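The values are calculated or read from the model by the stated rules, or taken from the named source; none is laboratory data. Worth saying up front: this structure is predicted, and the values here are computed from it rather than measured. Here the Cβ positions follow ideal geometry from the backbone for every residue, glycine too, while neighbour counts run over all protein chains shown. Accessible surface is based on the protein model in full, side chains and every heavy atom, while ligands, DNA and RNA are left aside. Shrake-Rupley method; radii C 1.70, N 1.55, O 1.52, S 1.80 Å.
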Amino acid sequence: MFVSDCLGVNGAGRLTIGGLDAVELGSRYATPLYVMDEDEIRANCRAFLRGMKIHREGRGAVAYASKAFCCKRMCRIAAEEGLWLDVASGGELHTALEAGFPSGRIIFHGNNKTAADLTLALEAEVGRIVVDNIFELGLLDHLAKAAGKTACIQLRIKPGVEAHTHEYIRTGGVDSKFGFSLESGEAMKAVVKALGRQSLCLKGLHCHIGSQIFGTEAFRAAASVMTELFARVKRETGYAIPELNLGGGFGIRYLPEQEPAGYESCIEAISRAIAESCRALNISEPFLMVEPGRSIVGPAGITLYTIGAVKEIPGVRTYLTVDGGMADNPRYALYKSEYHMLLAARALAPPTGAYTVAGRCCESGDLLGVNIALPRPAVGEMLAVLATGAYNYSMASNYNRLPRPAVVMVGGGGSYLAVRRESFEDVARFDV
Ligand code: LLP
């Protein structure tokens, strides 16, 4: 009913997260507030790991894509659960290292890594650097040689499979800023180049076909296209590339009626596709890696807001304004993303109207949703937006110099601060 397992309703009819009363959390820590359920995050990590254990007999690893939600606490949770970590910038890498994440399990991404980024990654001795283009291949080889190190790399491939929520398309995949195209022959050339570089060790091939993907078909298609490339490399160079990294993209439920495939079934479907394809191609199966982001943290989070003015424009619409908006959740403004919302103190009250939920930025597009079915809200009530654990805090901004909200974690029946709320002083801190 409430899109995530960690949500419920208590005897007072209030929304709960991790068993704790959302209204009490909002009052105690103030709104706007991100609340994340640590147990749900851990359960999601374990679902992927279980899939790898059962369907790959352990020949697989799960890397949490930290771009979905990055802070030290989250890096520590991923480390404790035995995950690898995908970082896509120097800042994410720095956060991971500060959190004590084992560097050998870090995968460093980015389509335009600077020499400084690559140097940081080499110094930290990250487990894998995913090379995006030929320029970077040469630069990394040069930097690694100068540092007297060998960089373990994966090559980012455009497999020509692109997935959007419900379906996937075979595009040929040339027009993307990420990676080497398979179709143009660029991918094979990159493999040969990488194999010839002394300071690079080609560990794997990587692809990422999209985000918020519901079925398993697109993943199966990507797995089979990629294993064909593994076979071709074996045939033409004699080298058996050890790892296949299929990226992230596993869909989550934002709306009650949505039905994403379970994480374990995704791993099962991918494993089957790899096994079938490798058998047909007569090659041994590579070690499998996946990089889920949204699916680990998305369902675990909610955002709590306090409702301000409710503005009825007769014959047009009714605006419900909250004390946050596009600065803490830009996803509606960017993608028209839909969310399930409810009044935290009356979680089961039937809707009586449709509301356009607006934030407090000086921008007409500052909306969190339109035609949201809700009971008539009172000023001062709390609005809960569900499944906001991914790409909300991580994409938040200080537009209009709004301080970013705190992130509170709940778990084991208690709550604690994972990221403290910014103050006005924080917002002006870097001004010279
Ligand atoms: N690996 C790579 C190389 C990626 O580029 C991404 C996401 C992931 C893994 C994790 O994908 P996930 O499992 O979270 O779908 N800001 C957008 C999502 C952008 C995803 C970018 N790459 C949003 O808010 O929907």
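Take the alpha carbon atoms of the range 214-261, find their center, do the same for the range 385-427, and report the distance between the two centers in whole angstrom.
Taking the Cα centre of each part, the range 214-261 and the range 385-427 sit 33 Å apart.
Just to confirm, what accessible area per residue do you get for the chain at 1.4 Å probe, in whole Å²? Could the numbers behind the result be given before it?
Values: 17740 Å² over 432 residues.
It amounts to 41 Å² per residue over the chain.
Just grab the label-to-label distance for residue 349 and residue 28, each label 7 Å out from Cα along the Cβ direction, in nm (one decimal).
With each label point 7 Å from Cα toward Cβ, the separation is 2.4 nm.
Which residues in the range 158-195 have a backbone N closer than 20 Å to a point placed 7 Å from the Cα of residue 239 along the Cα-to-Cβ line?
158-159, 179-195
Roughly how many percent of the accessible protein surface of the range 109-292 is carbon and sulfur, given a 1.4 Å probe and a whole-percent answer? Write down the numbers at each step before the final one.
Numbers: 3780 of 7700 Å².
Carbon with sulfur: 49 percent of the solvent-accessible area.
Can you list residues from other chains, or at least 5 along the same chain, whose modelled amide H is less than 5 Å from the amide H of residue 358?
For residue 358, the qualifying residues are 320, 321, 322, 368.
Could I have the simple spin-label model distance between residue 184 and residue 111, label points 7 Å from Cα toward Cβ, reported in nm to one decimal?
Placing both labels 7 Å beyond Cα along the Cβ direction yields 1.2 nm.
Need one number: nm distance between label points at residue 166 and residue 423, each 7 Å from Cα along Cα→Cβ, rounded to one decimal.
Result: 5.0 nm between the two label points.
Residue farthest toward the positive end of the dipole of the chain, with Cβ of Lys/Arg at +1 and Asp/Glu at -1: which of 109, 142, 20?
Result: 142.
What is the gain in length, in nm to one decimal, between residue 371 and residue 317 on full extension, counting 0.36 nm per residue of separation less the C-alpha to C-alpha distance?
Details: separation 54, 0.36 × 54 = 19.44 nm, distance 0.85 nm.
So the extension gain works out to 18.6 nm.
Counting only DSSP beta bridges with both residues in the chain, tell me the antiparallel percent, nearest 5.
50
Once amide H atoms are placed 1.01 Å from N in the peptide plane, what residues at a sequence separation of 5 or more from residue 213, or on another chain, have their amide H within under 5 Å of its amide H?
Close amide H contacts, sequence-distant or interchain: 250, 251.
Go ahead and run the numbers for FRET between residue 134 and residue 397, Cβ-Cβ distance against an R0 of 35 Å, rounding to 0.05.
Working: r = 34 Å, r/R0 = 0.96.
For R0 = 35 Å, the calculated efficiency reads 0.55.
Once each part is reduced to its C-alpha centroid, what is the distance from the range 141-194 to the range 36-105 in angstrom?
After rounding, the separation between the Cα centres reads 23 Å.
With a/c under 1.5 counting as rounded, go ahead and sort the range 109-292 into rounded, prolate or oblate using the C-alpha gyration tensor (a ≥ b ≥ c being the square roots of the eigenvalues; past the cut-off, prolate if a/b is larger than b/c, else oblate). Kindly include the intermediate steps, with their values, before the conclusion.
Details: a/c = 1.97, a/b = 1.49, b/c = 1.32.
Taking the square roots of the gyration eigenvalues as a ≥ b ≥ c, the range 109-292 is prolate.
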